Amino acid sequence: MAHEGTNRVFPEQGTAAEDLFSEMDAIAAGDQRWDDPKNLKASYWAGDDVVAVMHRAYARHIDDNAIYGASLFPSLVRYEAEVVAMALDMLEAPEGAAGGITTGGTESILMAVRTARDWARVHRPGATQPEIILPETAHPAFEKAAQVVGMTVVRMKQSPGWRADPAAMEAAISENTVMLVGSAPPYPYGIVDPIIEIAALARSHGLWMHVDGCIGGFLLPFLQDLGEPLAPFDFRVAGVDSISADLHKFGYSGRGASLLLLREGANEIHQRFSSDAWPSGTYSTLNFGGSRNGGAIASSWAVMRYLGRTGYRERVASIVATKRAIAEGLAADGRLTVLGRPEGANICIVSERLDMVAVAEGLDERGWLTGRLQRPPGLLLLITPRHAGIVDALLADLLAVADDVASGRRTAAGSQAVYVG
Ligand SMILES: Cc1ncc(COP(=O)(O)O)c(C=O)c1O
């Protein structure tokens, strides 16, 4: 998107580096700091030391392109193989499982959808217009992927108890259905879908089942270690064929890294694209993209090795404590409440009494950066280890804004939930 003041001319002459960087400082003056503790939208901060490791590993391989891994950068091949192996171990994959690093959750989902489509050509030949059945809360990346690969989406209309509704999903299964999806957890409510039930449906109807663990893939395994109640959501569940898990979210890598993992490595034939139609020989990639920045891959490897399971567990413990403190503070006041019992780090704050659009606008004015929920109206907070120290300040501002809204001093200007990239 062009902004006011955008330069529309490609200058004839170059600009001195120092001048450029001053100009960049000016251009970026209005940006938020990603690691601002008041940023509750998307700051996957795990500690200054972790960020330093991530930056250093990224910079170490920033010039290296994984598409030339086999010929030029065997280090990247090794990092990727080890990241995949560690993640398969974390998500309890059986012998024979496989996976690869994509550029983000959306690409992992695209490849899962494409793999399911081509798998279904073999295993569900009667599905002439292949369909995906999605819970109401699944990420729009599934619709984007379906559009790209020519599939149809059937999205459920309701989430009883704020989770996917397996009975409604079963009722929607048709001759054309090839894929079911559950999220662990979905973005809107942070409450893990009934993965066991959805996977059982997939098994009994002979369908591909994908678990979207983009947010939870690197959270839930450690939550479980801490003894929090959590039903199995990963490859322990028979019928789960693929899982997406984002390295650049709670894996704490640099941007541009996610995983798509397959229970059966043999299904990679449905994911991989190969061609020798052009004059330059065989071109073959597992992902949609071609070039991949080595920095994203190397930083994933470095952060996983730096933190180890213990490091991830400690960070999940911090997130759990922050979530609990927020929920307790709100419960003591009584006007605002956390929606359901979210296992995820993304929690929603709703109210039966207060106009939540007005509350959200009030928090915006106090410098908090929060996500919005449209149905039901609410705030969406993404809690990370960065937020361990902000609970008192957040609660004070939330309750002060609640006072303003309750007394009529503040009414909603009518802003909406939007995610525009
Ligand atoms: C549950 C879920 N799936 C998929 C995605 C898409 O991930 P990305 O933005 O990395 O493409 C997101 C992003 O927030 C998500 O929350």
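Results, tabulated for the structure shown:
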| quantity | calculated |
| --- | --- |
| Subset of segment 172-181 (residues that are within 16 Å of the ligand (Cβ to nearest atom) and surrounded by fewer than 21 Cβ atoms within 10 Å (Cβ to Cβ)) | none |
| Residue list for segment 251-289, restricted to those being among the aromatic types (Phe, Trp, Tyr) and surrounded by fewer than 19 Cβ atoms within 10 Å (Cβ to Cβ) | 273, 278, 283, 288 |
| Pairs where the first residue, in segment 14-43, is within 16 Å of the ligand (Cβ to nearest atom) and the second is hydroxyl-bearing (Ser, Thr, Tyr), C-beta under 6 Å, 6+ apart | 34/43; 40/370; 43/384 |
| Those residues of segment 123-140 which are in contact (Cβ under 8 Å) with a residue 60 or more places away in the chain and more than 15 Å from the ligand (Cβ to nearest atom), in sequence order | 123, 124 |
| Restricting segment 87-119 to residues that are within 11 Å of the ligand (Cβ to nearest atom) and in a helix (DSSP H, G or I), the residue that is nearest to residue 307 (Cα to Cα) | 105 |
| Selection status of residue 295, modelled with pLDDT of 95 or more, under 30 Å from residue 56 (Cα atoms) and in the same structural domain as residue 107 (by TED's automatic domain parsing) | yes |
| Some residue of segment 69-76 being among the hydrophobic types (A, V, I, L, M, F, W, C), more than 15 Å from the ligand (Cβ to nearest atom), at pLDDT 95 or above and touching a Pro at 6+ places or on another chain (Cβ under 9 Å) | no |
| Qualifying residue in segment 351-364 (condition: out of contact with any Phe, Trp or Tyr (no Cβ under 8 Å at 6 or more places or on another chain), within 16 Å of the ligand (Cβ to nearest atom) and charged (D, E, K, R)) | no |
| Leading residue by the ranking (surrounded by the most Cβ atoms within 10 Å (Cβ to Cβ)) among those in segment 182-210 that are more than 10 Å from the ligand (Cβ to nearest atom) and either in the same structural domain as residue 350 (by TED's automatic domain parsing) or in a strand (DSSP E or B) (or both) | 182 |
| Flag if residue 234 is of a type in the set (D, E, K, R), assigned to a strand (DSSP E or B) and either within 16 Å of the ligand (Cβ to nearest atom) or in the same structural domain as residue 314 (by TED's automatic domain parsing) (or both) | no |
| Top-ranked residue of segment 32-76 - restricted to ones that are small (Gly, Ala, Ser) and in a helix (DSSP H, G or I), ranked as surrounded by the most Cβ atoms within 10 Å (Cβ to Cβ) | 66 |
| Counted residues, segment 146-171 - those being farther than 21 Å from residue 206 by Cβ, within 16 Å of the ligand (Cβ to nearest atom) and of a type outside the set (Ser, Thr, Tyr) | 5 |
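The values are calculated or read from the model by the stated rules, or taken from the named source; none is laboratory data. All figures in this text were calculated on a predicted structure; none of them were measured in a lab. A quick note on method: Cβ atoms are made from the backbone with ideal geometry, for glycine too, and the neighbour counts reach across all protein chains shown.
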